1. Quick check: convex hull over the Cα atoms of region 85-155, volume per residue in Å³, rounded to an integer?
2. Give me the distance between the Cα centres of region 1-36 and region 241-276, rounded to whole Å.
3. Give the value in nm², to one decimal: projected area of the alpha carbon convex hull of region 164-273, averaged over all directions.
4. With the cut-off at 26 Å, tell me which of the pairs Lys165/Lys280; Lys107/Lys137; Lys102/Lys477; Lys86/Lys208 have Cα atoms farther apart than that.
5. For Lys254, list the aspartates and glutamates whose Cα falls under 13 Å from its own Cα; do not include residues on the same chain fewer than 8 positions away.
6. Note the direction-averaged projected area, equal to a quarter of the hull surface, for the Cα convex hull of region 43-127, in nm².
7. For region 119-184, what are Rg and Dmax over the alpha carbons, in angstrom?
8. Quick one: which of 131-138, 357-364 comes out on top by average Cβ neighbours within 10 Å, and what's the full order, highest first?
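The values are calculated or read from the model by the stated rules, or taken from the named source; none is laboratory data. Computed from a predicted model, the values in this text were never measured in an experiment. Every residue, glycine among them, receives a Cβ derived from its backbone with ideal geometry; neighbour counts consider all protein chains shown. Surface areas here come from the heavy atoms of the whole protein model, side chains and all, with no ligands, DNA or RNA. Shrake-Rupley method; radii C 1.70, N 1.55, O 1.52, S 1.80 Å.
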Amino acid sequence: MTKRVAIIGAGCSGLAAIKCCLEEDLEPTCFEKSDDIGGLWRYTDAVEEGRASIYHSVVTNTSKEMMSYTDFPMPAEFPAYLHNSKVLDYLRLYAEHFRLLKYVYFKTEVCRVTKHANFNTTGQWDVITMNNGTQKKEIFDAILVGNGHFFKPYLPLDSFPGIEKFKGHYIHSRFYKKSDDYHGKTVLVVGIGNSAGDISTDISSAAKQVYVSTRQGSWVLSRVSNHGFPIDMLYSTRCYFRIINALPRSLRAKVIAKQMNSWFDHQNYGLHPKDWSMMKEPIVNDYLPSNILCGAVRVKPSIKKFTETSVIFEDGTEISDLDFIIFATGYSIAFPFLDDSVIKMDDENNVRLYKYVFLPHLEKQTLAFLGVLQPFGGVFPVVELQCRWATRIFNGKTQLPSLRKMEDCIQRKHDKQIKSFTKCRNQTLQMHFIEYMDEVAVEIGVLPSIAQLLFTDTRLAYHIFFGPCTPYQYRLKGPGKWTGARKAILTQWDRTLSPSRTRLIPKDQGSKFNFKRKLCMLVLVMFIFIGVYCISMTSD
Ligand code: NAP
């Protein structure tokens, strides 16, 4: 009998989940609380309860080739980085292309998911939903949770003495939409995540003055890297990842710091991260340094206290005419439909999931979590790979290891996380994109073998090792193999660069390589390729 899978949410995770269920002969039923697909990526002027809310200006901080699903490249005409409306367009194209919409029940909230009476033998779940005031209870064989984790604001008001006296306005960044309300105002943005960076630069053109208060500081990256290429396409490569990881920790930190400071010296802009030798998600913002340079945004240290009209910082400085505060202090993960006995979340977002997907202690592995992580890279391919893995666990084609092995793995990862990442709550779910993707790909049997490709398809091997680790790499072999994957990899730069080549310019003869130079370059690159690969294999 076909197994029935309940999918919670029709955002980027839920849509991928429907497709993966269909590919694995499972019967998907997707419940979406709102009246449309897109989750976080569907902008609305009003904030909706239980759904992530974005501001109007959000642009992706991962380029389109790095964030697409593994078998569905973004249209060539889409720009390299996408405004949120374009991301939604892409999700609509995906849903249409794979005919996913007919599996989505809109305006249907999942109220409760509990173990069915015979869960220990069947692994089934009771799912209670609410649609238009009508409650319904159904039994499902498995659950895929894709409700997102940016809908519950984390606003630790206890950390801000005197906030109760403040007579101006304050909001959490979840409620920020547009800069219109901030004309001529003095605004303080608290925090230095991507929300704080975006919001402070967004309102800086309207506001009288914007201040950003940060305890830790942050590296800031531009989307535009060397020679104008998208930064993630230059640095999210297997070659770079292997070299940087082969370095001793202290040297690695210095190399990264040097790269981060090559755009501007973070010390001079008050942004230098406190624990700079530890990993921390950098923020991606093309305007922040320039706004600081022009004085529109001023960086301040931690907050000591608020008064009725002002804020006093730890260094004793004060802003006396403060109108607005925007707390861009992040989010807490929540699964309101699941009982604490199944998964209990603490305020620090610590979650003990096997490879960020499975709860090891469950008697039957019929519950999988999607996207409960923050990769240094695109989320769509990550959640899709998680879905491909989970659906194969549900239908028994792949097995999970023993409880003990899963617990050991979680502990190892936790220890590594503590050693590698800064100790702040928004870093508990950070991970390296390539490392994580490869780890899950091994579980499914879809990790490309560069050694093998070196002999059978050298050109492709070259692109996989030196080129950006685009999601199509995980469709070259194994279950779900896609015949278009090779071509998608070889044409990824065309799709990246063509949208900005909107004015044709004749090629400068002087910049053309002659044949001899090309040949020498090719031989040199081949030597480096083989050398780096051998070194990295021995360092494994
Ligand atoms: P976040 O990354 O969790 O950052 C929250 C910030 O709040 C921290 O950097 C921290 O800065 C500050 N903070 C936390 N607790 C605090 C406390 N008790 N007192 C003072 N400050 C505190 O949250 P976010 O910026 O909202 O981002 C959430 C996720 O969405 C991230 O993964 C981000 O990359 C993503 N995002 C993406 C985009 C985009 O694609 N364009 C835009 C926005 C967000 P300090 O410790 O330095 O004070």
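1. Here the figure is 157 Å³ per residue.
2. 41
3. If I average the Cα hull's projected area over directions, I get 9.5 nm².
4. Lys165/Lys280; Lys102/Lys477; Lys86/Lys208
5. Hits, sequence-local ones excluded: Asp275.
6. That works out to 8.4 nm².
7. Values for region 119-184 (Cα only, Rg and Dmax): 21.1, 64 Å.
8. Top to bottom by mean Cβ count within 10 Å: 357-364, 131-138.
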